[in-house]
1. For each of Leu194, Leu199, count neighbouring Cβ atoms within 10 Å of the residue's Cβ, then give the residues from fewest to most.
2. Could you order the peptides 102-113, 68-79 from most to least packed, using the average number of other C-beta atoms within 10 Å per residue?
3. Once you've got the GNM for the chain with C-alpha springs shorter than 10 Å, pick whichever of Ala90, Ala176, Ala200 has the biggest mean-square fluctuation.
4. Would you kindly derive the ³J(HN,Hα) couplings of the stretch 22-30 from the backbone phi angles with the Karplus curve 6.51 cos²θ - 1.76 cosθ + 1.60 (θ = phi - 60°), listing them in order in whole Hz, with x for Gly and Pro?
5. 222 nm [θ] for the chain, helices only, -39500 (n - 2.57) per DSSP H run of 4+, per residue, to 500?
6. Any idea what the relative contact order of the stretch 2-214 is, in percent, if you count C-alpha pairs under 8 Å spaced at least 6 apart?
7. In debye to the nearest 20, how big a dipole does the chain give about its Cα centre with +1 on each Lys and Arg Cβ and -1 on each Asp and Glu Cβ?
8. Compare the Cα positions of Val38, Leu158, Leu180 along the charge dipole of the chain (+1 at Cβ of Lys, Arg; -1 at Cβ of Asp, Glu; about the Cα centre) and return the one farthest towards the positive end.
Amino acid sequence: MLSIIQAAGWPIWPLIACSVLGMALIFERFVALKTSRVAPPKLLDEAITVSSRSVPTPDVVNQLAQNSALGEVLATGLRTLNSNPQCSEADLRAAMEGAGRAVAHRLEKYLAALATIASAAPLLGLLGTVIGMIEIFGSQTGTGGVGQAVGGGNPAQLAHGISIALYNTAFGLIVAIPALIFWRYFRARVDAYLLTLELASEQFVRHILRHRKAR
């Protein structure tokens, strides 16, 4: 691996930095976007059951908020009801929508950086290719006339220029392709989570309003 890096020249170092950063972002998003940390399947039913008889105590609400992203949104509705039992439906929805926007921003964290790596890596590879081509043409520059230029080229410099061009092109694609695949995967996963949060919030708001009227 070290010999490949040496053969590719200095243009490969930005690509290596992008690959390390990309791997770190992919690992972080896999951890952050676990279902248990965003929208546990049974959490909505549990929240509805707990709030069916009366508004839960602040300790229970805080525990719900710390459970997951969905719990944070549901807890916002309960806190709004605790602070103002006579709050309007519009105020309740606005509070939960605000919490939902904050959660959405957190779920989308680092996705833009991953998309940037997917877009920039091929360009960095192309930059390395251009630099390699420049070295190739430089190796063909002789001290004599045009007829002597080709014969007077430096084979070692020619080989080095070719290796820079090919290794950087290949490495740029190696970095960009996984970054693009995982960016699309995480984008789709976040969109699915946001839909789940929206539907769960709507169901919880209707539950709260229905039980408040019943009381």
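1. Listing Leu194, Leu199 from fewest to most nearby Cβ atoms yields Leu199, Leu194.
2. Numbers: 102-113: 15.2, 68-79: 23.5.
With the highest mean Cβ count within 10 Å placed first, the list reads 68-79, 102-113.
3. Ala90
4. x, 5, 5, 5, 4, 5, 5, 5, 4
5. Values: 10 runs with 179 residues, N = 215.
Dividing the helical sum by the residues of the chain leaves -28000 deg cm²/dmol.
6. 29
7. On the way: 18 positive and 13 negative charges, 161 e Å.
Approximately 780 debye in magnitude.
8. Val38
Computed from the coordinates by the stated procedures, all read-outs in this text should not be read as laboratory data. Here the structure is a predicted model, which is why all the values come from computation and not from measurement. So basically every Cβ, Gly included, is an ideal-geometry build from the backbone, and we count neighbours across all protein chains shown.
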